[in-house]
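Below you will find the structure I want to go over with you.
The values are calculated or read from the model by the stated rules, or taken from the named source; none is laboratory data. The model shown is predicted, which means the values in this text are computed figures rather than measured ones. Counting neighbours? That spans all protein chains shown, and the Cβs are built from the backbone with ideal geometry, glycine included. Surface areas here come from the heavy atoms of the whole protein model, side chains and all, with no ligands, DNA or RNA. Shrake-Rupley method; radii C 1.70, N 1.55, O 1.52, S 1.80 Å.
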Amino acid sequence: MRIICPLCGERGAEEFVYHGDATVRRPHPDSSAETWNAYVHLRDNPAGRHSELWYHAAGCHAWLVVERDVRTHEIFAVTLAQDVALARRPVTA
Amino acid sequence: MAKTRYSIVQVLAQAFRGQRGWAPVWRDAEPKAQYDVIIVGGGGHGLATAWYLASQHGITNVAVVEKGYLGSGNVGRNTTIIRSNYLLPGNVPFYEHSLKLWEGLEQDINYNAMVSQRGVLNLCHSDAQRDAYARRGNAMRLHGVDAELLDRDAVRRMYPFFDYDSARFPIVGGLLQPRGGSVRHDAVAWGYARAADQRGVDLIQNCEVTGIRVEGGRAVGVETGRGFIGAGKIGLACAGNSSRVAAMAGLRLPIESHVLQAFVSEGLKPFFDGVVTYGAGHFYVSQSDKGGLVFGGDIDGYNSYAQRGNLPVVEDVCESGMALMPGMGRLRVLRQWGGIMDMSMDGSPIIDRTPVDGLYLNAGWCYGGFKATPASGWCFAHLIARDEPHEVAKALRLDRFAQGYPIDERGAGAQPNLH
């Protein structure tokens, strides 16, 4: 499996460290125990398209959000996690 | 059908008849409209559950539904190792119960599973690791499990061909569990299937579950490729795909699916007596009765439902093997394959009721499911039959994550690919 890093180009998956599902969002500190349990432990674990976090440890050290089919390892999109986070930050102006 | 009891007399009689008298080992059952219990998943754990439901609890109106053929999943994809060298209280009694069931399995199910207690040896490579193994060995012995701490010379007498003087990872000793060993894994599935079938359990192959029907908070049956099948109780034993199947009943599990690879070398004359794990990397090896070295290492480390692995882990496994046993470099790898693991959030399994009445869950086996097969079936059958957890499996709860009682052997936290 090879991942196209937006900063470094196409690299072997062995350069990256995996951190799991990118769709779980850290809840507010005052959230209920159930919400925190779901965040820490529960996963959709789909057999198909999966949005996930990868860290380019042996490269540029960027965190990436990779869209991948976990049955075929086909990769649809790779985005800098920073850009994903900025895009979903609420507009406060 | 005739219930043939296997024995030496049978084998000799068949030898004189040109082996033409053997009957099919189980019926190819058609699904009935309703069962007392349906087990989803015709692998080792599901078949063992069906057998113990019938033999220990007298519940024989049971169906095992399997999407492929019996034993097509992880029961035939592992490295066949059995052991009970665990550390934590929630785990040791369970795995020791399993090892005791292995010791009597062949007589129980009248099937030769080639259970071979050839000893499992965990190597250590530093003083700190030896201390950790001494602690683990003591924990095992306090639970009545056999464990021996070996020094370097004792290990060398058993396996003279290891690299003892590696500058980076010298072998300083090991923790031996003499009662550990290996079992022919396919025979476990076949043996349990045959035994369950003879008690009247319907084994329904090529019958994929596509939905779980829940009415008024209670599971009442499964939708399958061969129509709806009603059930009083439903047990899920489909590790690898537990999240997918549980989602049909609206459940979200503390599990990720990951791929684990295993390897077999070309056949060699017998030279490797037991099962050995390398302590400085993740590598475990034994020699099969056909002569091939059977070995494996880490999971690939990312979510996967593809039953095949990637090359970086192949390299990692072979490097670990070479570091332990440089002579291995002369060998060719004959076969390599992958299986899909239910990687749970603490590295330990789940045998429990679910929030849906009548729906029971057996999941999260990580890459330790094979050795657990008999106890998993035993405890899951107990849970389904009596609606209460078995004594040795009562820590393997689904709600232990929410309650703050994970069983984290490795101390890695809620990160499945680190367990």
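Can you tell which of B:Ala363, B:Ala280, B:Ala375 shows the greatest fluctuation in a Gaussian network model of chain B with Cα springs below 10 Å?
B:Ala280
Looking at region A:4-50, which trypsin sites (Lys or Arg not before Pro) are in a loop (DSSP not H, G, I, E or B) and have at most 14 other Cβ atoms within 10 Å? Working shown, then result.
Numbers: sites: A:Arg11, A:Arg25, A:Arg43, A:Arg49; in loops: A:Arg25.
Listed in order of number, the matching sites are A:Arg25.
Does anyone have the angle between helix B:311-324 and the longest principal axis of chain B? Alpha-carbon axes, 0 to 90°, nearest 10?
Orientation of helix B:311-324: about 50 degrees from the principal axis.
Starting at the first residue of region A:13-29, write each ³J(HN,Hα) from the Karplus equation 6.51 cos²θ - 1.76 cosθ + 1.60 with θ = phi - 60°, in whole Hz, x for Gly and Pro.
Result, ordered by residue: 4, 5, 7, 10, 10, 8, 10, x, 3, 8, 8, 6, 10, 4, x, 5, x Hz.
For region A:28-58, state which residues have at least 30 Å² less accessible area in the presence of all protein chains than in their chain by itself, taking the probe as 1.4 Å and leaving out ligands, DNA and RNA.
The answer is A:Asn37, A:His41, A:Leu42, A:Arg43, A:Asp44, A:Asn45, A:Ala47 - residues whose exposure falls by at least 30 Å² when every protein chain is included.
Out of B:Gln336, B:Gly267, B:Val317, whose Cα points farthest toward the positive end of the dipole of region B:251-363 (charges: +1 Lys, Arg; -1 Asp, Glu; placed on Cβ)?
Selected residue: B:Gly267.
Expressed as an acute angle from 0 to 90° and rounded to the nearest 10, what is the orientation of the C-alpha long axis of helix B:185-198 relative to the principal long axis of chain B?
Taking Cα atoms only, the helix is inclined about 20 degrees.
Once both axes come from the Cα atoms, what is the angle between helix B:44-57 and the longest principal axis of chain B, in degrees from 0 to 90, rounded to 10?
It is inclined by approximately 60 degrees.
Still on this structure, I have one more. Under a cut-off of 17 Å between alpha-carbon atoms, report the aspartates and glutamates in cross-link reach of B:Lys233, not counting same-chain residues fewer than 8 places apart.
B:Asp36, B:Glu66, B:Asp202, B:Glu215, B:Glu223, B:Asp352, B:Asp357, B:Asp387, B:Glu388
Out of the chymotrypsin sites (Phe, Trp or Tyr not before Pro) in region B:197-286, which ones are loop residues according to DSSP with at most 16 other C-beta atoms within 10 Å? Don't skip to the answer; put the middle values down first.
Values: sites: B:Phe228, B:Phe263, B:Phe271, B:Phe272, B:Tyr278, B:Phe283, B:Tyr284; in loops: B:Phe271, B:Phe272.
Those that pass, being in a loop and sparsely packed, are B:Phe271.
Identify which of B:Met325, B:Met158, B:Met343 has the largest mean-square fluctuation in a Gaussian network model of chain B, with springs joining Cα atoms closer than 10 Å.
B:Met158
Running a GNM on chain B with Cα contacts under 10 Å, which residue among B:Gly217, B:Gly404, B:Gly58 ends up with the highest mean-square fluctuation?
Highest fluctuation of the listed residues: B:Gly404.
Let me ask another. Just to confirm the filter: which GluC sites (Glu not before Pro) across region B:150-256 are DSSP coil and have at most 13 other Cβ within 10 angstrom of their Cβ?
Within region B:150-256, no GluC sites (Glu not before Pro) qualify (loop, at most 13 other Cβ atoms within 10 Å).
Taking only protein heavy atoms and a 1.4 Å probe, what accessible area per residue, in Å², does chain B have with all protein chains in place?
About 40 Å² of surface per residue is accessible.
Quick check: residue separation of A:Ala77 and A:Val17 times 0.36 nm, minus the Cα distance between them. What number comes out in nm?
19.9 nm
While we're on this one: So which of B:Lys269/B:Lys371; B:Lys290/B:Lys371; B:Lys32/B:Lys371; B:Lys67/B:Lys100 end up more than 24 Å apart by C-alpha?
B:Lys269/B:Lys371; B:Lys32/B:Lys371; B:Lys67/B:Lys100, as the Cα separations exceed 24 Å there.
Just counting partner chain Cβ atoms within 10 Å, what average do the residues of peptide B:390-402 show around their Cβ? Please report the intermediate quantities before stating the final value.
Working: counts 0, 0, 0, 0, 0, 0, 0, 0, 0, 1, 1, 5, 8.
The mean count of partner-chain Cβ atoms within 10 Å per residue comes to 1.
While we're on this one: Checking an interface number: how much accessible area is buried between B and A, summed over both chains, with a 1.4 Å probe, in Å² rounded to 100?
The buried area between B and A, both sides summed, comes to about 2000 Å².
Ignoring ligands, DNA and RNA, what percent of the accessible area of chain B is carbon or sulfur (1.4 Å)?
Percent of accessible area from carbon and sulfur atoms in chain B: 51.
Would you mind calculating the relative contact order of region B:253-410 from Cα pairs under 8 angstrom and at least 6 residues apart, reporting the percent as a whole number?
23 percent
Let me ask you something else. Defining a contact as two alpha carbons under 8 Å apart and six or more residues distant in sequence, what relative contact order in percent does chain B show?
22 percent
Next up: Over region A:2-88, with the other protein chains present, what is the accessible area per residue in square angstrom, probe 1.4 angstrom?
54 Å²
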